[in-house]
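Novice: Please read through the structure below; I'll follow up with questions.
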Amino acid sequence: MYQPQEIAVYIHWPFCKSKCPYCDFYKELAHNIDQDAVVAEYIDALRRYRQILPERTVKSIFFGGGTPSLITPQNVAKIIDEIARLWSLKNKAEISLEANPNTHYQTMFADLKNAGINRLSLGVQALDEADLRFLGRTHTLETARCCLKEIVEVFDNHSADLIYARPQQQYADWEKELAEICAYGLKHLSLYQLTIEENTVFARKNIQPLEENAAAEMYERTRDFLVARNYALYEVSNFAQTGFESAHNLTYWQGGDYIGIGKSAHGRFCLNGTHFAAEYPFEHTPLTPRERAEELVFMGLRLASGIDKARFKQICGLNLMQFINISKLQELQEAGLTAETPTHLFATRAGFLLLNQIVAELLI
Ligand SMILES: C[S@@+](CC[C@H](N)C(=O)[O-])C[C@H]1O[C@@H](n2cnc3c(N)ncnc32)[C@H](O)[C@@H]1O
Ligand code: SF4
C-alpha cells in the first residue's frame, strides 16, 4: 500500500497591502486584521492535521501569498516552531517565504532568517520603473534592487518572480531585465508570462497581452538566455542553478503529499491507501485512482524531466502507458511534442509551448 512518509506544509497568507490589477489570487487587504488571531487559528489547524497525519516528516514549509512578508518574524517563528513540535522536521528542510518589496524594512530579511526561513523568494515582477507602475506595484525599482542585494547577502537560497510578455514589451528590453536579475546571482528564478485573468482590473480595462507568437518567441529566447547562464529550465516557468530547484514546488509537480493552511489553501495526501483532496480548514474529499492519475499527468508534464513512470504507478496504482490515450501519444511523439525513455514521459521543447493541448489529448 502506498504510504508516503514525507509531507510538505503550505502556509497561505492571503493578505496584501494593496491589490495588483493583474492578480486573481484570493486575497484581502491587510488593514485591520488581527494577525495574532489568524496565527492562532493556523496553529489549531496544524494540530488537527497532526491528529490524522501523525507519523510524517516535514520536508518543506512554504509561506506563500498574498503577502506573507506581512507576518511578523515572531509569528513566522511561532508557526515554524509549532510545525517542528508536531512533526519531525527533515534535516535541511527547505523553509521558504515569498516577500513583497513593499513590506521591506531595514532588518526584515535578517529577522526572517532568525525566525527560521532559509529560502527567500522575492516578488520583483519588473526591473523597470514604468512597468512596475503599469503592474500596479507599490514599491519602487530602487526598493526592489535593494531587496535583491540584501537577500543574496542574508540567504544561501533565493529566488525572484518576474512577469514578462507585458503589453508591447520588446525582447531587447526584457533581456536587459534578465541580464540584471542574473547579475544578482540568485539560485532560482520564476518567470511568468502575463495572463489577463477574468475579474481583474486588467480584464475590466481590456488590457491586451502580448500577441501569442511574440510571447512564445520571448519564452524561447528567455530559455536560451538563462540556460547559457547556468539556469536550467526544470519546470515550464521555473529556472534553477543545479541543486536549487524548489523542493516544495517539486512536491506538487511530482505528486507528493502536502497540506495547505489558510483561506483558499488546499492539500493532497494519501491515508491508508486512499488519496484525499483537502480544502481549508478541514474538508477532505476522497479521490479515485483515476482522478489522482489525471492530476499526476497534468502536473508531471510541467517538469522538463516529465513523469516518472515508476513513481506514477507507486502513487496511483495505475500503469501510465495504459492510463493515457496511446494512439494520441503516438501522434504527439510523431509530431515531436512528447518523448519517452524507459523511465519517463516528457514534453519536448516544442511541446512545452503546447502543454495544455498535450495534456487534453493524453487524457481523452
Ligand atoms: C500570488 S503571487 C505571490 C507573490 C507576492 N504576493 C508578490 O506579489 O510579490 C505569486 C506570483 O504569481 C505571479 N502572477 C500573479 N498573477 C499573475 C498574472 N496575471 N500573470 C502572470 N503572473 C502572475 C507573480 O509573479 C507573483 O509573484
Ligand atoms: S501579486 Fe502578490 S501583492 Fe499583488 S495582489 Fe497578488 S498576491 Fe497581492
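Novice: List, in order, the whole-Hz ³J(HN,Hα) value for each residue of segment 178-188 obtained from phi through the Karplus relation with A = 6.51, B = -1.76, C = 1.60 and θ = phi - 60°; use x for Gly and Pro.
Specialist: For segment 178-188, the Karplus-derived couplings read 5, 4, 5, 5, 5, 5, 6, x, 5, 7, 8 Hz, x marking Gly and Pro.
Novice: List Thr288, Thr274 from most exposed to least, where exposure is judged by having the fewest other Cβ atoms within 10 Å.
Specialist: Numbers: Thr288 11, Thr274 15.
Ranking Thr288, Thr274 by Cβ neighbours within 10 Å, fewest first, gives Thr288, Thr274.
Novice: At R0 = 25 Å, how high is the FRET efficiency between Thr242 and Ala216 if r is their beta carbon distance? Nearest 0.05 is fine.
Specialist: 0.40
Novice: Using θ = phi - 60° and the Karplus curve 6.51 cos²θ - 1.76 cosθ + 1.60, what whole-Hz ³J(HN,Hα) does each residue of segment 50-59 get, with Gly and Pro shown as x?
Specialist: Residue by residue, segment 50-59 yields 4, 5, 8, 10, x, 9, 9, 10, 7, 8 Hz.
Novice: Tell me the net charge near Pro281. Cut-off is 15 Å between Cβ atoms, Pro281 excluded, with +1 for each Lys or Arg and -1 for each Asp or Glu.
Specialist: Net of charged neighbours comes to 0.
Novice: Sum -39500 (n - 2.57) across every DSSP H segment of at least 4 residues in the chain, then divide by the residue count to get the 222 nm mean residue ellipticity, nearest 500.
Specialist: Here the helix-only value at 222 nm equals -11500 deg cm²/dmol.
Novice: Which is farthest toward the positive dipole end of segment 130-182 among Ala165, Phe134, Ile151, measuring Cα position about the Cα centre, with Cβ charges +1 (Lys, Arg) and -1 (Asp, Glu)?
Specialist: So the residue we want is Phe134.
Novice: Using Cβ counts within 10 Å as a stand-in for footprinting exposure, how do Glu283, Glu217 rank, fewest first?
Specialist: Details: Glu283 10, Glu217 15.
Sorted ascending by nearby Cβ count, the order is Glu283, Glu217.
Novice: Given springs between every Cα pair under 10 Å in a Gaussian network model of the chain, which of Gly267, Gly336, Gly300 has the largest fluctuation?
Specialist: In this elastic network of the chain, the residue with the biggest mean-square fluctuation among Gly267, Gly336, Gly300 is Gly336.
Novice: If each residue of separation counts as 0.36 nm, what is the full-extension length gain between Leu318 and Tyr192 once their alpha-carbon separation is subtracted?
Specialist: Stretched out fully, the Leu318 to Tyr192 stretch lengthens by 42.1 nm.
Novice: Strictly over 26 Å apart at the Cα level, which of Lys176/Lys205; Lys90/Lys187; Lys19/Lys205; Lys92/Lys313; Lys59/Lys313 would you flag in this model? Could you put the intermediate results ahead of the total?
Specialist: Numbers: Lys176/Lys205 28 Å; Lys90/Lys187 21 Å; Lys19/Lys205 15 Å; Lys92/Lys313 28 Å; Lys59/Lys313 22 Å.
Among Lys176/Lys205; Lys90/Lys187; Lys19/Lys205; Lys92/Lys313; Lys59/Lys313, the Cα-Cα distance tops 26 Å for Lys176/Lys205; Lys92/Lys313.
Novice: By how many nm would the segment from Gln3 to Gln208 grow when fully extended, if each residue of separation counts as 0.36 nm and the alpha-carbon distance is taken off?
Specialist: 69.1 nm
Novice: Once the Cβ-Cβ distance between Gln106 and Arg290 is put in as r, and R0 is 56 Å, what FRET efficiency do you end up with, to the nearest 0.05? Could you put the intermediate results ahead of the total?
Specialist: Values: r = 53 Å, r/R0 = 0.94.
Efficiency for this residue pair is about 0.60.
Novice: What ranking of Asp128, Asp36 emerges when the number of other C-beta atoms within 10 Å of each C-beta is taken as an exposure proxy, fewest first?
Specialist: Fewest to most other Cβ atoms nearby, the residues stand as Asp36, Asp128.
Novice: So, counting K/R as plus one and D/E as minus one, what does the shell of residues with Cβ under 10 Å around Leu303 add up to?
Specialist: It works out to a net charge of -2.
Novice: If you don't mind, there's one more thing I want to ask. Which aspartates and glutamates, on any chain, are close to Lys113 with Cα under 18 Å apart, when same-chain ones fewer than 8 places away are left out?
Specialist: List returned: Asp81, Glu82, Glu94, Glu98, Glu150, Glu153, Asp156.
Novice: Cα gyration tensor of the chain, axes a ≥ b ≥ c as square roots of the eigenvalues: rounded (a/c below 1.5), prolate (a/b > b/c) or oblate?
Specialist: Oblate, since a/c reaches 1.5 and b/c is not below a/b.
Novice: Among the DSSP beta bridges whose two residues both lie in the chain, what percent are antiparallel, rounded to the nearest 5?
Specialist: Around 40 percent antiparallel, to the nearest 5.
Novice: Take peptides 38-48, 3-13 and line them up by average Cβ neighbours within 10 Å, highest first, as a rough protection proxy. Can you show the working numbers first?
Specialist: Numbers: 38-48: 16.6, 3-13: 21.0.
Result, highest mean first: 3-13, 38-48.
Novice: If you don't mind, there's one more thing I want to ask. Which listed residue (Ser327, Tyr258, Tyr22) has the Cα farthest towards the positive end of the charge dipole for the chain, taking +1 on Lys and Arg C-beta and -1 on Asp and Glu C-beta about the Cα centre?
Specialist: Tyr258
Novice: Picking from Ile52, Ile207, Ile151, which is most flexible by a Gaussian network model of the chain using Cα springs under 10 Å?
Specialist: Answer for the Gaussian network model of the chain: Ile52.
Novice: Amide H to amide H under 5 Å from Gly65: which residues, 5+ apart in sequence or cross-chain, H placed 1.01 Å off N in plane?
Specialist: Sorted by chain and number, the residues that satisfy this are Trp13.
Every read-out reported here was derived from the displayed coordinates using simple, explicitly stated rules and does not represent laboratory data. Not measured: the values here are computed from a predicted model. Positions of Cβ are generated from backbone atoms using ideal geometry, with glycine treated the same way; all protein chains shown enter the neighbour counts.
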